[in-house]
């Protein structure tokens, strides 16, 4: 017998699926579909358009109050929407920097005018965001920022450099952590601002990565004026504001185990099994090699473990149990390391073909596998290195004492 | 419905189990049982029966508590946490469930109420010389003589045989291309003349194993369980459940190890600082925490899938067993490493968990075996 709820769920799932079929870019998920080059105007436009399309249809914007543009739906509908979107490997729009970091930070710390002004346009994809945290001398030791702001009337005048900025090229606004009290102690000397990327004195340039692309950039502040009202949280307490964004960013996880079929998407279990069945070495299918069967099965286990853990935490949240916010360090590390292990495994499946990159007629799947392997060497570095996350797990979750730091 | 969270009654069961085991199953008891040939006491078994555990998932009509498989898994997690010795899974899962599923009403009436009230301990004698739990390994023959079947041969790696009052014995009654076909289940009283139980010296002394020899044992028709030649599926089903419970024991044991290590790393001082402040140590602990978290998620999924008879239950148990097995071994190994010299001593309890992790990894197939079964799902 089908319960009333499960009947409703099936009908809703079909509704979402049909909507996706109609609204996804033409040919999506098929070999005929050619995604725009990464980090181009066209790619940016696709992301913005897709975000707006989803938002207008009520399939995005969850987790925010209505008055700031949030879309309110029952949990079970949101769950089905997320599942169906994951199954299709939809374009990247709704997971932009704005939604990932700026939104949660502004919602948590923002003044009323900031929430009203910025949140709705983050949710509908109209405005694009970046964040200025890392600096050449402030990587894992993020509190060591040098970029400084000096008060001048109603403004702060900013000088310095930021690096490893995602979405650097297209951002309309940015989040910025700067030193506002050079005399104060660590963690009590930083403030957090929203800045306008069209401000005079602001410039940006690409940073070429080992994958050959420039997903990240550098930002330069030469006497850039930021109005005092753009302060987020209290003056000199910006470190604690930044922690919100960092945690939110880590919670994004990596696209592991999803059934992404986009050209730029990454392999799931089915695609790896298919590759192993199609690929022969020394006259024998890789899939028939017991060692590869073991490793591919291990990948399946870990992907399923991520799903099951999500379900477990979801159930706990529904029962009103508190989940340690530092848990994001656990899932971030797990997904990033799984991603690299599986990329390495795929390279071994490809054998000599793992040397062929995009543009080579011999590149498998247009060079996507190899690109992914190169790109996601960064997975264990960006959003907090695996080592920093292990410190967080050990110190914040398990309660172990901090190691003495040289600049304590 | 698949429910990953635990409800209020399950929280209560967990608390009650933890209190009971702290009081009745301290390490002094476990260590005494390591030196005991049967590996359990009647007194301890009676106490477990009094709180309803020995019949936890059996129907009320047979004296059971009629609780769910997930409840049982929560209980096993606590038992694993305390490396509880004794024939709990052997009796309630590997023996009682085949009787419940394949038995005649008379057989159920004879065995199940006595198992539920703690009067009877049982074990399944399946594995032979190859040490693997699989139908092809069942070669000990039973041949018909009138109404009876006559058993002659030996079983090996039989858990808890000295504590057991009755055995559920898997015998080969027909040779066929499909090894699952031709296996018959017999209920045998341990005190029958012609049964010899020889203790095997095992690494994990909290889990006793034996060689059991059967010399022309006559099994009357009323003690044949289920249809002749069709017995394997009941053992397979019971083993799936027992495997899911071993996953719970492994997660529980792993969590004891982690908690013990964290406490030690906070208090043990070297180079003028607690060793837990050093990244080399804290990163080990972070890795243990991370892997245990995912092991728990898979274990919960497996337990729920089994409870719901989900079509994916086999896959879920394969995945959970492989991952929990690897995780518990890794965690227990690091448990010794983090404790340094003291962790390597007989007096410290860490080696009990280390040895349990090795023992449970081999039971019902190790991680490699289960990963191969997972691969077969994608063939």
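The values are calculated or read from the model by the stated rules, or taken from the named source; none is laboratory data. This structure is a prediction, so every number in the text was calculated from the model and none was measured. In this analysis, Cβ positions are derived from the backbone assuming ideal geometry, glycine residues included, and neighbour counts consider all displayed protein chains.
Summary table below
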{"read-out": "Flag for residue B:200 being farther than 25 Å from residue B:114 by Cα, within 14 Å of chain A (Cβ to nearest Cβ) and surrounded by fewer than 24 Cβ atoms within 10 Å (Cβ to Cβ)", "value": "no"}
{"read-out": "Residues of region A:32-64 satisfying the condition of being in contact (Cβ under 8 Å) with a residue 24 or more places away in the chain and over 30 Å from residue A:205 (Cβ atoms)", "value": "A:33, A:53, A:54, A:55, A:56, A:57, A:59, A:60, A:61, A:64"}
{"read-out": "Selected residue (only one of A:203, A:140 is loosely packed, with under 15 Cβ neighbours inside 10 Å and under 19 Å from the mean Cα position of the chain (by Cα))", "value": "A:140"}
{"read-out": "Residue match in region B:55-67 (condition: within 14 Å of another protein chain (Cβ to nearest Cβ) and under 18 Å from the mean Cα position of the chain (by Cα))", "value": "no"}
{"read-out": "Region A:147-166 residues that are without any contact (Cβ under 8 Å) to a residue 60 or more places away in the chain, paired with ones that are surrounded by fewer than 22 Cβ atoms within 10 Å (Cβ to Cβ) and not in a strand (DSSP E or B) (beta carbon under 6 Å, 6 or more apart)", "value": "A:163/A:134; A:163/A:136"}
{"read-out": "Meets criteria (outside any helix (DSSP H, G or I) and not assigned by TED's automatic domain parsing to the domain that holds residue B:166) for residue B:55", "value": "yes"}
{"read-out": "Conditions (1) surrounded by 18 or more Cβ atoms within 10 Å (Cβ to Cβ); (2) within 14 Å of chain B (Cβ to nearest Cβ); (3) within 17 Å of the chain's Cα centre (by Cα); number of the one not met by residue A:391", "value": "(3)"}
{"read-out": "Residue list for region B:82-96, restricted to those being touching a helix residue (DSSP H, G or I) at 6+ places or on another chain (Cβ under 6 Å) and within 16 Å of residue B:248 (Cβ to Cβ)", "value": "B:82, B:83, B:89, B:93, B:94"}
{"read-out": "Extreme residue, nearest to residue A:76 (Cα to Cα), among residues of region A:307-326 that are within 8 Å of another protein chain (Cβ to nearest Cβ) and modelled with pLDDT of 90 or more", "value": "A:312"}
{"read-out": "Residue within region A:278-292 that is within 30 Å of residue A:244 (Cβ to Cβ), surrounded by fewer than 14 Cβ atoms within 10 Å (Cβ to Cβ) and not assigned by TED's automatic domain parsing to the domain that holds residue A:83 present", "value": "no"}
{"read-out": "Of all residues making up region A:288-306, the number that are more than 8 Å from chain B (Cβ to nearest Cβ) and either part of a helix (DSSP H, G or I) or in contact with a helix residue (DSSP H, G or I) (Cβ under 7 Å, 6 or more places away or on another chain) (or both)", "value": "6"}
{"read-out": "Residues satisfying the stated conditions in region B:340-379, i.e. under 14 Å from the mean Cα position of the chain (by Cα), within 14 Å of chain A (Cβ to nearest Cβ) and either in contact (Cβ under 8 Å) with a residue 60 or more places away in the chain or within 18 Å of residue B:25 (Cβ to Cβ) (or both)", "value": "B:365"}
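Per-residue answers, yes or no, for (1) in a loop (DSSP other than H, G, I, E, B); (2) over 20 Å from residue A:205 (Cα atoms):
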residue	(1), (2)
A:157	no, yes
A:161	no, no
A:171	yes, no
A:175	no, no
A:181	yes, yes
A:185	yes, yes
A:188	yes, yes
A:191	no, yes
